[in-house]
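Shown next, in structure tokens, is the structure this report addresses.
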């Protein structure tokens with residue numbers, strides 16, 4: 001993983017898998033996982049996660065490519081700047097080779113975090129996956145509102161005693177926007 005405020009990349013980024021063998025007992029290694037997180041800059045011109053040798057009866061699988069760019073003032077990388085840190089686990093709902101997850105962070109403050117994730121296969125095909133997001137660095141036992149694609153998901157939930165909140169079961173089947181917001185103190189919510 002490479003995390004930077006400014007990223008100006010050129011050339012190629014490689015995470016290739018192993019070739020395998022004609023012996024059915026020998027398999028190629030899996031492709032690498034490449035993660036680039038940055039505020040401004042450019043991505044490498046070429047990203048290769050395929051199996052370049054591609055031979056043998058059991059070549060390795062393609063890798064995973066994750067990019068995250070944020071235009072917000074806070075940083076989702078760690079909680080040192082007073083804003084929460086975000087980690088993600090994504091599980092494909094079908095067997096696929098080569099996953100691409102692109103994140104755009106549009107708001108990242110101590111009170112509100114908003115980001116959009118888009119997932120696909122490296123062959124540019126649609127990918128349905130389930131994501132689990134973990135925010136660390138929230139106030140302990142704080143009430144939060146969770147929206148997915150501007151639809152209320154979690155209303156009566158709180159961060160735990162360590163300031164951690166887990167949002168699970170978010171289906172990534174098209175661009176998905178997630179927003180987590182601390183409830184203002186003294187807020188009364190009426191549901192009809």
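Taking the range 105-129 as the range and being surrounded by fewer than 20 Cβ atoms within 10 Å (Cβ to Cβ) and at pLDDT 85 or above as the test, the residues that pass are 106, 107, 109, 110, 111, 112, 114, 116. Does residue 155 satisfy being over 18 Å from the mean Cα position of the chain (by Cα), surrounded by 12 or more Cβ atoms within 10 Å (Cβ to Cβ) and modelled with pLDDT under 90? Taking the combined requirement at face value, the residue satisfies it. For the range 130-146, the set of residues classified as more than 13 Å from residue 182 (Cβ to Cβ) and either surrounded by fewer than 20 Cβ atoms within 10 Å (Cβ to Cβ) or modelled with pLDDT under 90 (or both) consists of 130, 131, 132, 134, 136, listed by residue number. Does residue 166 meet the test of being crowded, with 17+ Cβ neighbours inside 10 Å, at pLDDT 90 or above, in a strand (DSSP E or B) and in contact with a strand residue (DSSP E or B) (Cβ under 6 Å, 6 or more places away or on another chain)? Judged against the criteria, residue 166 is not a match. Any residue at all in the range 136-144 that is under 26 Å from residue 101 (Cα atoms) and more than 20 Å from the chain's Cα centre (by Cα)? Yes, there is a match, as at least one residue in the range 136-144 is under 26 Å from residue 101 (Cα atoms) and more than 20 Å from the chain's Cα centre (by Cα).
The values are calculated or read from the model by the stated rules, or taken from the named source; none is laboratory data. Keep in mind the model is a prediction, meaning the values are calculated, not measured. As a convention, Cβ positions derive from the backbone with ideal geometry for all residues, glycine included, and neighbour counts pool all protein chains shown.
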